[in-house]
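See structure below.
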Amino acid sequence: MPVKNNLKMYGDVYRSAVLKYGLWDQVRVDHGKEFHLTLFMQENLKALRHDQIRRPYLQTKSTENHRIERIWPEINNRVNYPLKAALVDLLNKDLLNMEDNTVKFCTSQLLCQVSRIGVQRVVAAWNAHSIPGKEVPNYLAQNGCKVRIAEDLLPPPSEAASLYDRELSSSLSRVSQFGQDPFTSEEAKIRAEGEFCELFPDISVLYETAVHHNFQPFQDALKCLIDSTRCTVLCTVLKALLINSLLSKKDVLKHEQNVNFMHCLLKRIHCDINV
């Protein structure tokens with residue numbers, strides 16, 4: 001899962017929202033360090049705002065949170081906590097080793113995709129409900145003043161971070177992933193994802209069952225993704241050795257003890273290469 005940092009907050013939250021909905025007159029955040037790049041870009045674009053009187057951004061204490069932040073307990077209750085409970089259940093049963101890089105990577109990938117479905121649904125419900133004295137957010141958004149920003153004024157995260165470094169003589173952390181990508185090629189990654197999608201074509205079901213405290217579908221999907229990823233990565237290595245005549249199928253059988261993996265690997269190798 002993405003580690004909370006400046007590049008992720010800017011790219012996935014601020015930049016994507018501004019390009020889609022328009023520039024805010026004012027951005028309001030707490031004093032977290034992960035907002036430095038967002039505030040830097042908002043400051044750079046302040047002359048393009050509709051309301052030039054308001055400050056381009058405010059940093060306030062968490063106790064002075066804006067009303068919209070009150071949605072966060074709903075995000076926790078309807079998305080974060082159920083999915084976390086599903087993972088904790090696996091950990092308590094010693095079925096998930098979070099020290100293993102492949103497990104970390106697969107958990108991150110699936111959890112982010114399933115969480116995104118839940119968050120989108122909660123936000124959609126929030127935007128469609130009436131706020132006392134403020135009307136319905138969707139209605140307000142339609143009639144609000146939108147300052148459209150050209151995409152070249154909002155560079156991608158890495159470029160924006162480099163601009164920040166040059167202008168402020170500072171440096172932002174670029175670490176963003178929880179678990180390193182184990183795939184050695186895009187082809188292998190696509191293959192593993194394709195196999196997973198065949199078994200779990202609609203991951204919204206994983207969210208819907210987990211939020212109702214039925215963790216089994218989500219847990220089964222995670223275990224399947226981990227096994228498929230391991231199998232694909234190992235198959236890629238073994239196939240390369242076979243191609244280079246460094247390993248025979250007999251050697252593979254001799255040195256590999258996991259019967260389930262071998263069935264998967266040999267089936268794939270048989271399809272991919274004639275040895």
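The values are calculated or read from the model by the stated rules, or taken from the named source; none is laboratory data. Treat the numbers as computed from the prediction; the structure is a model and nothing was measured. Here the Cβ is made from the backbone with ideal geometry for all residues, glycine too, and neighbour counts use every protein chain on show.
Here are the numbers:
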item	result
Tally of residues being free of Cβ contacts under 8 Å to residues at least 24 places away in the same chain, of a type outside the set (Asp, Glu) and exposed (fewer than 12 other Cβ atoms within 10 Å of the Cβ) across the range 172-204	3
Unmet criterion (only one of (1) modelled with pLDDT of 95 or more; (2) under 20 Å from the mean Cα position of the chain (by Cα); (3) of a type in the set (A, V, I, L, M, F, W, C)) for Phe35	(1)
Number of the exception - Trp72 against (1) under 22 Å from Met9 (Cβ atoms); (2) free of Cβ contacts under 8 Å to residues at least 24 places away in the same chain; (3) surrounded by 13 or more Cβ atoms within 10 Å (Cβ to Cβ)	(3)
Odd one out for Gly133, checked against (1) free of Cβ contacts under 8 Å to residues at least 24 places away in the same chain; (2) part of a helix (DSSP H, G or I); (3) not acidic (Asp, Glu)	(2)
Residue check, Glu99 without any contact (Cβ under 8 Å) to a residue 12 or more places away in the chain, over 24 Å from Pro201 (Cβ atoms) and either surrounded by 13 or more Cβ atoms within 10 Å (Cβ to Cβ) or in contact with a helix residue (DSSP H, G or I) (Cβ under 8 Å, 6 or more places away or on another chain) (or both)	no
Failed criterion for Leu140 (all others in (1) without any contact (Cβ under 8 Å) to a residue 12 or more places away in the chain; (2) within 24 Å of Ala210 (Cβ to Cβ); (3) assigned to a helix (DSSP H, G or I) hold)	(2)
Among residues of the range 154-213, those that are of a type in the set (A, V, I, L, M) and either touching a Pro at 6+ places or on another chain (Cβ under 8 Å) or under 30 Å from Trp24 (Cα atoms) (or both), counted	11
Candidate set from the range 39-55 (those that are free of Cβ contacts under 8 Å to residues at least 40 places away in the same chain and within 27 Å of Val136 (Cβ to Cβ)); member that is surrounded by the most Cβ atoms within 10 Å (Cβ to Cβ)	Gln42
Per-region count, the range 30-60, residues farther than 19 Å from Ile149 by Cβ and β-branched (Val, Ile, Thr)	2
Output for the range 38-57, where each listed residue is among the hydrophobic types (A, V, I, L, M, F, W, C) and touching a helix residue (DSSP H, G or I) at 6+ places or on another chain (Cβ under 7 Å)	Phe40, Met41, Leu45
Matching residues in the range 161-171 - criterion: being buried (at least 16 other Cβ atoms within 10 Å of the Cβ) and either at pLDDT 95 or above or over 20 Å from the mean Cα position of the chain (by Cα) (or both)	Tyr164
Candidate set from the range 174-218 (those that are outside any helix (DSSP H, G or I) and of a type in the set (Gly, Ala, Ser)); member that is nearest to Phe105 (Cα to Cα)	Gly179
Lone qualifier among Leu153, Leu111 - being touching a residue at least 40 places away in the same chain (Cβ under 8 Å), among the aliphatic types (A, V, I, L, M) and either within 23 Å of Leu45 (Cα to Cα) or touching a Lys or Arg at 6+ places or on another chain (Cβ under 7 Å) (or both)	Leu153
Any hit, the range 193-201, residues being among the charged types (D, E, K, R) and more than 30 Å from Asn5 (Cα to Cα)	yes
